[in-house]
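Down below is the structure, laid out as structure tokens.
The values are calculated or read from the model by the stated rules, or taken from the named source; none is laboratory data. Predicted model only: the values in this text are computed from it and were never measured. Here the Cβ is made from the backbone with ideal geometry for all residues, glycine too, and neighbour counts use every protein chain on show. Please note that ligands, DNA and RNA were not included when accessible areas were found on the heavy atoms of the full protein model with its side chains. Shrake-Rupley method; radii C 1.70, N 1.55, O 1.52, S 1.80 Å.
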Amino acid sequence: MARILLIGLAGDSGCQVAALGLHEALVDILVANEPIYAPTLLDVKEIPDDIDVAIVEGGIRNTHEEEIIKDIREKSKIVIALGACAAFGGIPGLANLRDGKELMNEIYNNHRGTDKGTIPTHLESLPEQHPIKHFVKVDYIIPGCPPEVTDIAYTLTSLLSGQEPEYNSTQVCDDCPRERLGEYETSLKRIHEEIPDPDRCLLEQGYFCMGPATMGGCGAPCPQSGNTCEGCRGSCLDVDDQGMAMIDAMTGLLTQLKDEFDPNLYSAMLYRFTYAESVVSELARRKR
Amino acid sequence: MTDIVEIDPLTRIEGMGKIKVEIKDNQLHDLKFQITVAPRFFEYLLTGKRVEEAPRLTQRICGICYVSHHLAAVKAIEDAWGVTPPETAVKLRRLMNAGGFVTSHSLHSAFLAVPDLAGLPAESRNFIALMDKYPELGKAALKIHAYGNKVVEATGGRIVQVVTSVPGGQTLRLKEQRRDELVEEGREVLELMKVYADFVFDIYEKDTLTCSQFPDVETNFMALVQGPQCDYDVYDGDGRIIGPSGKELARFNPSRYYDYIREAVWEHSSTKVPYYKPEGVSGVIRVGPLARLNVAKQIPFPVAREYEERYLKLFPRTCIQVQGFNLARIPELIAGQEEIMAKLEDDAIIGEDIRIPVKSRGGEGASFIEAPRGILTHHYVIDEKGLIRYANIIAPTTYNHPLIQQDLYENAKIYAGEIADPATRADACWRLEKIVRAYDPCTSCSVHMADFDITVDGGVVEVKEVD
């Protein structure tokens with residue numbers, strides 16, 4: 001019987017909802033083990049000692065969350081980062097593109113429809129959103145926004161039976177049934193402006209699909225549903241920076257382009273989920 | 001002598017929050033309801049992005065009502081561009097939205113709220129214990145929740161974050177075979193829902209104290225309504241605000257929301273607090289299931305309507321009782337299922353015409369939708385390249401925040417002695433937590449961090465800045 005902790009920090013609880021997608025299987029895992037702390041499910045108020053497996057959703061954006069993650073690490077044998085926010089910073093990490101003070105002014109004092117003149121002063125916010133590995137050692141990540149239920153079940157059952165879970169070594173394109181011909185369109189397209197061929201690779205058709213730069217294992221539900229991969233599972237195994245991998249993957253398309261390339265149209269799209277841990281964010285931090 | 005009691009973290013709510021109670025000589029001195037989830041600045045991070053990214057980015061505000069954000073965003077963009085998607089696309093979106101209601105309401109009811117009502121011992125008020133004591137009920141709840149997910153997946157491409165709504169329509173068709181499977185399973189789910197609903201209704205009907213154990217605060221209510229009769233609709237319509245006596249104060253379409261709703265900022269609190277503009281900052285508004293059943297005339301589905309009637313016997317309009325929230329969710333859960341069935345049985349749902357291509361251009365647009373927790377507004381200003389220049393999102397929990405605070409304050413005043421006494425503290429604190437839970441607050445939805453303070457001045461409760 002393993003002692004399990006499940007907590008959500010700066011995130012949206014979606015990973016825990018995704019885990020609920022396991023339904024009876026999740027109840028079985030919980031009943032067979034000992035859930036000791038899970039604020040969304042149980043009324044336990046203190047984080048207990050001697051945690052075997054801590055599952056953490058969400059990133060870190062204030063000192064309160066920083067204290068909690070450090071406390072959990074100290075008390076846990078294994079820490080799992082569940083989902084993109086915990087693992088790479090996630091979508092909230094895109095706010096790191098700008099200075100925290102400027103942001104506060106923008107949102108609270110210079111926003112149409114909001115009363116002017118007051119900026120909250122009590123915040124103990126950190127200047128940026130961080131993945132939890134910024135503060136503590138993380139043993140495993142379960143990537144994705146949301147993480148796949150099959151990954152959650154696999155990682156938990158492996159760990160609970162004393163086995164090392166392995167990461168997926170494929171890319172989203174390996175899961176995608178769309179056909180690749182190695183031929184590219186001569187213009188970049190936006191998903192609402194034309195109706196893509198349902199059977200051909202979206203990137204080859206000129207749509208900004210992150211599949212080649214994103215860890216596989218999800219079954220490519222987004223391209224199969226007619227929309228592009230957003231890159232929510234982060235970079236492929238052994239790749240450090242997702243955006244650079246994507247630029248590399250786009251070479252074929254970019255060399256065919258007839259239109260002028262307007263970088264404003266691609267703001268943050270290379271790093272929707274991984275900006276907080278990207279090489280460029282590190283450069284921006286140093287410059288600041 | 002001052003006692004400080006903290007309920008930290010609040011449990012069985014979505015996200016993280018706490019309550020801090022200060023008691024001096026057995027009298028309530030101060031109470032703070034705090035959301036400890038950090039602000040995530042979504043409105044900022046949207047600026048400069050392609051507008052078609054909004055439906056996919058904003059759904060990350062909330063892992064439970066992601067469908068609502070996805071659809072609110074696409075509706076606002078289509079409003080800005082004057083685009084009307086094909087009929088099948090609108091029906092697919094309504095189907096997805098109803099699926100979102102079924103998952104969200106069943107999740108809240110079975111996992112968060114009902115463990116408080118089902119007579120479980122204090123140390124095990126949770127779903128696992130509920131399932132142990134009432135296995136059939138627990139299984140029914142899981143099945144209902146799973147079905148809602150299936151509907152969302154069939155229309156949205158996956159669960160917890162969907163991908164299919166783009167300006168001009170939907171990217172994914174519902175095929176006939178999948179539709180037929182969903183219809184068949186859906187019939188069974190509707191039967192399970194009745195069993196589940198009777199279980200919850202029995203609790204309230206047998207013990208009316210469950211309904212009235214808390215003192216309640218008078219407020220305005222707001223919800224979406226459709227047509228001249230103010231019919232219940234969770235997808236589209238006008239915002240309607242009523243006062244505590246039920247009198248209509250305003251009815252307006254999304255493009256006019258600025259005339260009626262403003263957002264206040266306080267120095268020591270960082271969630272914005274929306275209020276009914278003509279009444280100033282004291283014009284607080286409740287939203288969510290309680291508000292919808294107060295504001296809309298009636299639910300247009302027969303089974304849900306029966307349960308709505310039963311609900312209205314216990315919580316007649318205009319109901320200001322907080323406990324009404326938990327029961328109001330039940331007819332709404334069934335309404336969600338009946339809407340699913342109605343849409344699935346309409347052959348237009350399997351139509352092939354689901355999208356029209358749309359050119360990017362400049363514009364400004366706003367939308368309303370009912371999220372499970374209450375009315376949600378998205379508003380975008382788009383430049384001629386189709387990039388977002390301004391975004392404003394008013395999430396339902398921000399309306400309810402000051403009300404949760406006021407309700408907690410009024411109740412803590414009565415229980416102050418019990419909270420101070422270690423022998424009775426646990427039970428008194430549990431009653432406070434139940435108030436928060438009834439609202440089903442979505443702390444991550446409130447986008448910015450909250451920290452309210454309440455003082456009492458001449459018997460009138462006022463929300464004020466912390467000094």
Take residue A:41 and decide whether it is facing chain B (nearest Cβ under 7 Å), open to solvent by 10 Å² or more (accessible area, probe 1.4 Å) and either part of a strand (DSSP E or B) or touching a Phe, Trp or Tyr at 6+ places or on another chain (Cβ under 7 Å) (or both).
yes
Counting only residues that are outside any strand (DSSP E or B), in contact with a Cys (Cβ under 8 Å, 6 or more places away or on another chain), open to solvent by 70 Å² or more (accessible area, probe 1.4 Å) and farther than 12 Å from residue A:217 by Cα, the range A:140-179 contains a total of 0
First in the range A:256-268 and away from every other protein chain (no Cβ under 11 Å) and farther than 9 Å from residue A:188 by Cβ, second anywhere and at pLDDT 85 or above and in a loop (DSSP other than H, G, I, E, B), Cβ under 8 Å, 6 or more apart
A:256/A:184; A:256/A:185; A:256/A:186; A:258/A:186; A:258/A:187
Going by what's in this entry, would residue B:63 be described as facing chain A (nearest Cβ under 9 Å) and open to solvent by less than 10 Å² (accessible area, probe 1.4 Å)?
yes
Residues that are outside any strand (DSSP E or B), hydroxyl-bearing (Ser, Thr, Tyr) and within 11 Å of chain B (Cβ to nearest Cβ): does the range A:206-228 have at least one?
yes
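One line per residue, one yes/no per condition, for (1) open to solvent by less than 20 Å² (accessible area, probe 1.4 Å); (2) not aromatic (Phe, Trp, Tyr):
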{"residue": "A:207", "(1), (2)": "yes, no"}
{"residue": "A:228", "(1), (2)": "yes, yes"}
{"residue": "A:237", "(1), (2)": "no, yes"}
{"residue": "A:255", "(1), (2)": "no, yes"}
{"residue": "A:267", "(1), (2)": "no, yes"}
How many residues, within the range B:288-325, are in contact with a His (Cβ under 9 Å, 6 or more places away or on another chain) and modelled with pLDDT under 95?
0
Report the residue count in the range B:413-467 for those that are within 20 Å of residue B:27 (Cβ to Cβ), among the charged types (D, E, K, R) and at pLDDT 80 or above.
6
Filter result (crowded, with 24+ Cβ neighbours inside 10 Å and part of a helix (DSSP H, G or I)) within the range B:281-293
B:289, B:290, B:291, B:292, B:293
If you go through the range B:382-399 one residue at a time, how many are facing chain A (nearest Cβ under 10 Å) and touching a residue at least 40 places away in the same chain (Cβ under 8 Å)?
7
Restricting the search to the range A:232-255, which residues are of a type in the set (A, V, I, L, M, F, W, C), more than 18 Å from residue A:185 (Cβ to Cβ) and away from chain B (no Cβ under 14 Å)?
A:236, A:237, A:239, A:244, A:245
Here are some residues: B:92, B:45. Which one is facing another protein chain (nearest Cβ under 7 Å), under 29 Å from residue A:208 (Cβ atoms) and aliphatic (A, V, I, L, M)?
B:45
Conditions (1) free of Cβ contacts under 8 Å to residues at least 12 places away in the same chain; (2) among the charged types (D, E, K, R); (3) assigned to a loop (DSSP other than H, G, I, E, B); number of the one not met by residue A:74
(3)
Consider residue B:6 carefully, then state whether it is surrounded by fewer than 24 Cβ atoms within 10 Å (Cβ to Cβ) and under 25 Å from residue B:391 (Cβ atoms).
no
Taking the range A:189-205 as the region of interest, how many residues are within 9 Å of another protein chain (Cβ to nearest Cβ), open to solvent by 10 Å² or more (accessible area, probe 1.4 Å) and touching a strand residue (DSSP E or B) at 6+ places or on another chain (Cβ under 7 Å)?
4
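Among what's in the range B:242-265 and is charged (D, E, K, R), open to solvent by 20 Å² or more (accessible area, probe 1.4 Å) and over 18 Å from residue B:296 (Cβ atoms), pick the residue that is nearest to the other protein chains (Cβ to nearest Cβ).
Filtering the range B:242-265 for residues that are charged (D, E, K, R), open to solvent by 20 Å² or more (accessible area, probe 1.4 Å) and over 18 Å from residue B:296 (Cβ atoms), the one nearest to the other protein chains (Cβ to nearest Cβ) comes out as B:262.
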So in the range B:417-440, with the set limited to residues that are under 14 Å from residue B:19 (Cα atoms) and open to solvent by less than 10 Å² (accessible area, probe 1.4 Å), which one is farthest from the chain's Cα centre (by Cα)?
B:419
For the range B:340-385, enumerate the residues that are assigned to a loop (DSSP other than H, G, I, E, B) and either open to solvent by 30 Å² or more (accessible area, probe 1.4 Å) or among the acidic types (Asp, Glu) (or both).
B:345, B:346, B:352, B:353, B:356, B:357, B:359, B:361, B:362, B:383, B:384, B:385
Go through the residues of the range B:171-186 one by one and say whether even a single one is touching a strand residue (DSSP E or B) at 6+ places or on another chain (Cβ under 9 Å) and not β-branched (Val, Ile, Thr).
no
Take residues that are within 14 Å of another protein chain (Cβ to nearest Cβ) and tell me which of the helices (runs of 4 or more DSSP H) falling wholly in the range B:103-215 contain 1 or more.
B:114-117, B:127-133, B:135-156, B:176-206
Just wondering, is there one or more residues in the range B:72-79 that are free of Cβ contacts under 8 Å to residues at least 40 places away in the same chain and surrounded by fewer than 23 Cβ atoms within 10 Å (Cβ to Cβ)?
no
Hits in the range A:13-32 - residues which are in a loop (DSSP other than H, G, I, E, B) and without any contact (Cβ under 8 Å) to a residue 24 or more places away in the chain:
A:23
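Of everything in the range A:44-64, what is part of a loop (DSSP other than H, G, I, E, B), more than 7 Å from chain B (Cβ to nearest Cβ) and open to solvent by 20 Å² or more (accessible area, probe 1.4 Å)? Give them in sequence order.
Selection gives A:44, A:46, A:47, A:48, A:49, A:50.
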For the range B:353-376, check the following and say yes or no: at least one residue is more than 14 Å from chain A (Cβ to nearest Cβ), hydroxyl-bearing (Ser, Thr, Tyr) and in contact (Cβ under 8 Å) with a residue 40 or more places away in the chain.
yes
